[in-house]
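The structure under discussion appears below in the form of structure tokens.
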Amino acid sequence: MKNSLIFLLIVIMACWNNGTAQEQVQQLLQHIQISQGRVRIQAIQTLGELGASAKEAVPFLIKMLNSKNEKVKWAATQALARIGKEAIPLLLETFYQEEYGITQEQAVYALAEMGKDALPFLLKTLQENNEAVRRSASEVLRRMGHKAKDAIPILIGALDDPEVWVRQEATETLCYILGPENKEIVPRLIRIVQEEDEYFLQINVLYVLGEIGPSAREAIPFLILTLKNEDLQEAASYTLGKMGQEAVPFLIPMLQEKEEEVRILVVKALGRIGLSAKEAIPFLIRALQEEKSLEVQDLIARALGQMGSEAREAIPLLMQKLKDEMTCGDASNALGKIGKDALPFLIQALQDADENVRLMATEAFIEMGPPAKEAILPLLQVLKEKTVSAESVIYALAKIGKEAIPFLAQTLNHENEEIRDSVFETLGRIGFDEKEVIPILLQQLEKEDPKIQISAIKALGLAGADVTSFLIQKLKDENLEIRIASVETLASIETKEATLALMEAFKDLDERVRVASLQALGNIRLAKEIFPFHREKIVEDPMEDGCGNTGFPKRVAAEEAISIFMQSLQNPNAQIRKYAVEALGNLEYPDEIPEIVPALLHTLKDPEAEVRINTASSLGKIGINTPEVLNALKKMLEDPDTTVQETAEYVMIHLE
């Protein structure tokens, strides 16, 4: 109750207090210093909501940027960004610290969030002689992207700086800021590539040209020549690919180039241009027929695939390549991307005598997706005949999606258990997007065959459906495997009701169900749906959500969950102890539950190494670095198990 009242008090003070802004800030700062967990985070966020009025909190918030608690660190970053201009000078001061660390990283994020307000200060900082300071300022500009266009003149000027690192920072930053509207600087950029001695700077400038895109068309002849420069050719190819259709007439003749590396880069550029390079299709087909290099053949197939249905005339040749083990992968991918026109050829290939050809045809359907609906029946046939791996057929049918549902539903009662399981899995995958699958799967829960029920339960888990009420009934089933499958599927739902059901499953008479339920609970971030701001069991909750709903069910759930986890630390079954430790480490705000850390410190002495390893990891997740915790971990460095030692050392480094 105490934490909840503190939180409520904070909100009241910050939003409705009649005191001055300065008084509000001071009161909030006091509460931040004495509170933990979400109360501290909410107070920091409230400071940010005060905007410029919270300028007195800036030095304190900057210190919080180095917090080991990720949520506190990011709350402080966001608060500084919302305070705005008043925070900029002190944020920039962090750039002058000798070592670049977490504080500067977070300052960069905060300044980037401010956008234009921070630009005048950053432009001034770019004139500094201090290398570290300029690098940090450049990083802010990169994160701002096109919003930092006012910095372009200074960055362009920096391209002539005698210091290599200055020129490097300028070119890297320009990559993030420049766009098609900056074509006037293209001649300058070409000249820099021609005159610059440092090849990595030349590469950066080529990438800058790529960001300008087709507007930089005057650079295309120069880029074509640069394809023969061993140091710069990869960057030139990338940039030509960004030039779009304008570059295609220049690239087509280069397909006949003698040097294999140049041909590779030309095909890569055409593939990057994609559909806009469709005029190159006849030339690519001819090149594929004549090309001796397997690498170039693969790249040509890939490029044709990027041109989609426009490359339909390449289908017969690609089908030939599908039958060649050396080129089948990219040919399959290309045929899938070409789409419906390739269907008759691929369906026929499902009957090919060569197992690899059948598999590659199936892979093409995976790439094609819904347009491959005509392949549904042929795919079901090869699934029954086991002439293609079930996994590939399942994936292909799942990618085809909705159209496959009626055909798959007819196969749910197939006598072959392996085929039946494959169909269930396929429906589960489809069901994630197509919710009409759910009623079909729920019907299977009424079947007498427990194997069918288990397959349906697992498929419902894949579908991501909230079928908690049905699964709760299955938790009472006499069949042990059905109960375990229900527990595993409930874990994937991750709602309050599902988590409560998992806690109920922990009371099951069979230890295997209890182990499964505790493992599931340990993998859920319970606090997001269940844990309140405090733990007391109360009947009336003063913190309603505005609709008259109170937190009472959440309070009970919190108490029960903590009780389950804490009691399980003493369970004779090592697996249960291990999962209980994991669960405690996964609580959202464990620092609000003071008995957790002492309990975990005791569990560091567990006889099972695996439990000790998980305990050390959970202490690291909780992030409390008291002397007691650090001393206990230090003792673990002498543990007889080397993995325990390594885990303890890693956690200590993280906490310190």
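Before moving on, here are some points about what is shown:
- Taken together, the residues in the stretch 160-190 that are under 14 Å from Tyr207 (Cβ atoms), outside any helix (DSSP H, G or I) and out of contact with any His (no Cβ under 8 Å at 6 or more places or on another chain) amount to 1.
- Helices (runs of 4 or more DSSP H) fully within the stretch 571-648 that include at least 3 residues being surrounded by 21 or more Cβ atoms within 10 Å (Cβ to Cβ) and either of a type in the set (A, V, I, L, M) or touching a residue at least 40 places away in the same chain (Cβ under 8 Å) (or both): 574-585, 609-622, 627-636.
- Single match in Arg40, Arg82 (criterion: open to solvent by 10 Å² or more (accessible area, probe 1.4 Å), modelled with pLDDT under 80, within 29 Å of the chain's Cα centre (by Cα) and basic (Lys, Arg)): Arg40
- Selection status of Leu119, open to solvent by less than 30 Å² (accessible area, probe 1.4 Å), under 29 Å from Ala235 (Cα atoms) and outside any loop (DSSP other than H, G, I, E, B): no
- Residue, nearest to the chain's Cα centre (by Cα), within the stretch 431-451, restricted to residues that are among the charged types (D, E, K, R) and surrounded by 14 or more Cβ atoms within 10 Å (Cβ to Cβ): Glu434
The values are calculated or read from the model by the stated rules, or taken from the named source; none is laboratory data. Quick caveat, the model's predicted, so the values are computed rather than measured. With ideal geometry, Cβ positions are generated from the backbone for all residues, glycine too; neighbour counts draw on all protein chains shown. Note: accessible area is taken over every heavy atom of the protein model, side chains too, but ligands, DNA and RNA are not part of it. Shrake-Rupley method; radii C 1.70, N 1.55, O 1.52, S 1.80 Å.
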